[in-house]
């Protein structure tokens, strides 16, 4: 049993039940190993959870691609939304983001990761909207307000994606992007 397989098993279980609801005994049983074998790989539960977060942050960084800035405002923002949607809907990252959202109020590391993800989304939104405004594809008078509105709505949609039907969220994402572009049409 490798550390990675234990982490992946914890990821799946914690996504379904919540991190606090998964005991080390349950994890060991799911991995078909003894609890002592878990302690061979991880000196404590906190160390195991820390490794889980580190593993998933590494996966997230590998998946962070660049968002293409060519095309119309609708195309650029739709591509960005598709990119974020994909990050939040595909395993194992979906499970990771579900854990982060459910644990952010209780776990300092989860809160830090959630804050970083939110800041990253805001920074990416700033670059997108500023570029679209500077190139005349959108007419944004108050960039800060537009970024706050855009990134907060995207973040809310992505949070809902973790617990709701993907098809209905995709439709709402499309509607939001279309309305946003109409609102700031030059």
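The values are calculated or read from the model by the stated rules, or taken from the named source; none is laboratory data. No experiment lies behind these values; they were computed from the predicted model shown. When we count neighbours, we look across all protein chains shown, and the Cβ atoms used for this are built from the backbone with ideal geometry, even at glycine.
Remarks
- For residue 164: the one exception among (1) out of contact with any helix residue (DSSP H, G or I) (no Cβ under 8 Å at 6 or more places or on another chain); (2) part of a helix (DSSP H, G or I): (2)
- Of everything listed in (1) more than 30 Å from residue 58 (Cα to Cα); (2) within 13 Å of the chain's Cα centre (by Cα), the single unmet condition for residue 156 is (1).
- Taking the range 60-90 as the range and being modelled with pLDDT under 90, in a loop (DSSP other than H, G, I, E, B) and under 21 Å from residue 171 (Cα atoms) as the test, the residues that pass are 67, 90.
- Any chance residue 60 is without any contact (Cβ under 8 Å) to a residue 24 or more places away in the chain, in contact with a helix residue (DSSP H, G or I) (Cβ under 7 Å, 6 or more places away or on another chain) and farther than 30 Å from residue 182 by Cα: no
- Remark: residue 138 falls outside the filter, which requires a residue to be at pLDDT 90 or above, outside any helix (DSSP H, G or I) and farther than 27 Å from residue 70 by Cα.
- Scanning the range 80-126 for residues that are without any contact (Cβ under 8 Å) to a residue 12 or more places away in the chain and either surrounded by 15 or more Cβ atoms within 10 Å (Cβ to Cβ) or in the same structural domain as residue 16 (by TED's automatic domain parsing) (or both) returns 82, 104.
- Flag: residue 172 matches the condition of being free of Cβ contacts under 8 Å to residues at least 24 places away in the same chain and either in a helix (DSSP H, G or I) or in contact with a helix residue (DSSP H, G or I) (Cβ under 7 Å, 6 or more places away or on another chain) (or both).
- Some residue of the range 127-141 being over 18 Å from residue 14 (Cα atoms), within 19 Å of the chain's Cα centre (by Cα) and surrounded by fewer than 20 Cβ atoms within 10 Å (Cβ to Cβ): yes
- For the range 35-59, the set of residues classified as surrounded by 12 or more Cβ atoms within 10 Å (Cβ to Cβ) and in a loop (DSSP other than H, G, I, E, B) consists of 42 only.
- Residue count for the range 18-34, restricted to those that are in a helix (DSSP H, G or I) and within 17 Å of residue 4 (Cβ to Cβ): 4
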